[in-house]
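The values are calculated or read from the model by the stated rules, or taken from the named source; none is laboratory data. None of these values were measured; they are calculated from a predicted model. Note that we place each Cβ from the backbone using ideal geometry, even for glycine, and neighbour counts take in every protein chain shown. Remember, those area values only see protein heavy atoms, side chains included, never the ligands or the DNA or RNA. Shrake-Rupley method; radii C 1.70, N 1.55, O 1.52, S 1.80 Å.
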Amino acid sequence: MALEIDPRNAKAYNNRGYCFYLLEDFYKSLENYNIALEINPQFVNCYLNRFVVHYYLRKYKEAINDCNKILLIEPYNVGAYMNRGIALVELNEFQAALTNYNKAISIDADNPNFYNNRAWLFIKIDYYPRALEDFKKAAQIYIENDNVQGYQKMLKQIQLISQ
């Protein structure tokens with residue numbers, strides 16, 4: 001209905017793309033995100049949504065490209081840095097992933113997920129002391145925010161590494 005009233009409504013295409021994503025029709029999802037971005041190339045949330053679909057389809061370079069576009073629009077978008085790091089790990093570009101994780105943490109040092117992701121990267125590159133530090137930092141943030149479940153998950157990781 002919204003597209004019948006306004007066929008240039010980027011938000012409507014973004015929302016439709018998200019609906020197709022939820023229905024696991026990823027190619028229709030991409031089609032709608034692409035239309036939304038043609039209409040509004042500054043639509044950051046649409047790039048984030050399209051990143052998820054590209055990542056799910058293992059189109060990591062396209063996913064990274066979406067993050068690059070976000071960062072041109074919003075240079076301090078922590079989600080773009082974190083997501084780009086996640087995609088870079090899939091391409092075994094560990095140093096570039098670490099740079100992105102570090103940037104995300106420098107912007108938002110209170111997000112335990114960022115330390116958790118970086119810890120897993122350190123495990124991939126067999127740097128267990130730094131992984132342990134990051135799991136401990138994430139656990140600290142979780143407990144400071146009364147997130148017992150997150151804290152318990154980090155404790156399990158700490159126990160596994162400490163063995």
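As an exercise: evaluate D134 against (1) closer than 28 Å to R58 by Cβ; (2) open to solvent by 40 Å² or more (accessible area, probe 1.4 Å); (3) among the charged types (D, E, K, R) and give the number of the one condition it does not meet.
Against the list (1) closer than 28 Å to R58 by Cβ; (2) open to solvent by 40 Å² or more (accessible area, probe 1.4 Å); (3) among the charged types (D, E, K, R), D134 comes up short only on (2).
Looking at A96, A104, A139 in this structure, which one is under 14 Å from the mean Cα position of the chain (by Cα) and either closer than 20 Å to V52 by Cα or among the small types (G, A, S) (or both)?
A104
C46 fails exactly one of the following numbered conditions: (1) in contact with a Leu (Cβ under 7 Å, 6 or more places away or on another chain); (2) within 17 Å of A104 (Cα to Cα). What is the number of that condition?
Condition not satisfied by C46: (2).
Before we move on, is F135 within 20 Å of N83 (Cβ to Cβ) and of a type in the set (A, V, I, L, M, F, W, C)?
No: the conditions fail for F135.
With respect to the numbered conditions (1) over 25 Å from N45 (Cβ atoms); (2) loosely packed, with under 15 Cβ neighbours inside 10 Å; (3) modelled with pLDDT of 95 or more, which one is the sole condition not fulfilled by P75?
Here P75 clears every test but (1).
Suppose we filter Q140, Q159 for residues that are surrounded by fewer than 16 Cβ atoms within 10 Å (Cβ to Cβ), part of a helix (DSSP H, G or I) and modelled with pLDDT of 95 or more; which single one remains?
Q140
Quick one: which helices (runs of 4 or more DSSP H) sit completely within region 9-84 and have at least 3 residues that are touching a residue at least 40 places away in the same chain (Cβ under 8 Å) and under 13 Å from the mean Cα position of the chain (by Cα)?
none
I want to confirm something. Restricting to region 31-58 and keeping residues that are among the polar types (S, T, N, Q) and within 12 Å of K11 (Cβ to Cβ), which single residue is surrounded by the fewest Cβ atoms within 10 Å (Cβ to Cβ)?
N45
So Y151 ticks every box in (1) touching a Phe, Trp or Tyr at 6+ places or on another chain (Cβ under 7 Å); (2) under 24 Å from F26 (Cβ atoms); (3) surrounded by fewer than 21 Cβ atoms within 10 Å (Cβ to Cβ) but one. Which box is left unticked?
Unmet condition: (2).
What number of residues within region 108-129 satisfy the criterion of being open to solvent by 60 Å² or more (accessible area, probe 1.4 Å) and either assigned to a helix (DSSP H, G or I) or at negative phi (or both)?
Residues meeting the conditions: 8.
Could you tell me how many of the residues in region 143-152 are in a helix (DSSP H, G or I) and in contact (Cβ under 8 Å) with a residue 24 or more places away in the chain?
Selection size over region 143-152: 1.
Say we look at region 83-98 and pick out the residues that are crowded, with 23+ Cβ neighbours inside 10 Å and hydrophobic (A, V, I, L, M, F, W, C); which of these is nearest to D108 (Cα to Cα)?
A97
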